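Derivation of every value follows stated rules applied to the coordinates shown; laboratory data play no part. Predicted, not measured: the structure shown is a model, and the values here were computed from it. Here the Cβ positions follow ideal geometry from the backbone for every residue, glycine too, while neighbour counts run over all protein chains shown.
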Amino acid sequence: FLEAFESLLRFAENRTSSLFETAYRPVAKEAAEPVKELFTDISLYILVESAVLRFFDSLFPLVYSRLINPGITDLSEDYTECLRLTRQDINPFGRYSKNMVTELSKSLWASRMLSQALSLGIEAINTTEHAALTKECRKALVKMQYCPHCQGLTLIRPCVGYCLNVMRGCLASVVSELDAQWREYISTLEYLTNEMAASHDLETALMGIRNSINEAILHAQLNGPQLSATVDKVCGQPKQEEGNLSSDNIVPVKEATEIQTFVMVHASLNNKRR
């Protein structure tokens, strides 16, 4: 399970990184670290809400200065910090950040519980393997294994019924102590695996991170003028680049539709006119 979980995480992280490299190249380099931190937090089962909110807090200054207002040339540490601190109040990414928290929280909860349950099961099995044998059990094992040797019957094995009776006697005390708890444990494992195969599907949640981030960025770009006006009121106006915008600043969003691309260019031109 842990190997499958780590493999899914790596694949989801690579898919998310490729989103920035192909669709949002102006922020790809600077977004690499927030993406890495997000998936590291997920792998450590750090509180999902904190991890996701921290990611979008770090992403907002990049989206605002590179995609919404590509003419900004000087984004000071104070201004960046203002954008980061006010991101949740301004809500540039709409419902998508909260949706991402909801989907990941459900799946990672089930994943974490299953991981802990499997570890507990391994520990219980290892403990029973090293359980001390009673005096009666040792005597029965010796009798079953070696009494035929005294009669020269070294190649004859104990019959199945005799062997099972001896083992039942040896394990009776252990089984009586663990039986009820072990049955409950198995039921819990079945419940968790069923949940992960249904509404708490871990693979679907992790693979959906890329799309959630893409939709969140598109939402911010489509509402660029309103966001800029709000940010100007809260954080003031950053330094703007004079002259025409370079074509390199227009983001080639390959995964967006033609209408979305038009709106993004339109938003950039509106910012230039201001």
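So for 96, 162, fewest C-beta neighbours within 10 Å to most, what's the order? Before the final figure, lay out the partial values.
Values: 96 19, 162 13.
Ranked by crowding around the Cβ, least crowded first: 162, 96.
I'd like the chymotrypsin sites (Phe, Trp or Tyr not before Pro) in the stretch 1-47 restricted to DSSP loop residues with at most 16 other Cβ atoms within 10 Å, sorted by number. Spell out each step's value before the answer.
On the way: sites: 1, 5, 11, 20, 24, 39, 45; in loops: 1, 24, 45.
Within the stretch 1-47, the qualifying chymotrypsin sites (Phe, Trp or Tyr not before Pro) (loop, at most 16 other Cβ atoms within 10 Å) are 1, 45.
Set the Förster radius R0 to 22 Å, insert the Cβ-Cβ distance between residue 9 and residue 99 as r into 1/(1 + (r/R0)^6), and round the FRET efficiency to 0.05.
Numbers: r = 20 Å, r/R0 = 0.90.
That gives a FRET efficiency of 0.65.
I need the per residue convex hull volume for the stretch 8-150, using only the alpha carbons, in cubic angstrom as a whole number. Each step should come with its number before you reach the end.
Working: hull volume 24.8 nm³, N = 143.
Expressed per residue, the convex hull around the Cα atoms of the stretch 8-150 is 174 Å³.
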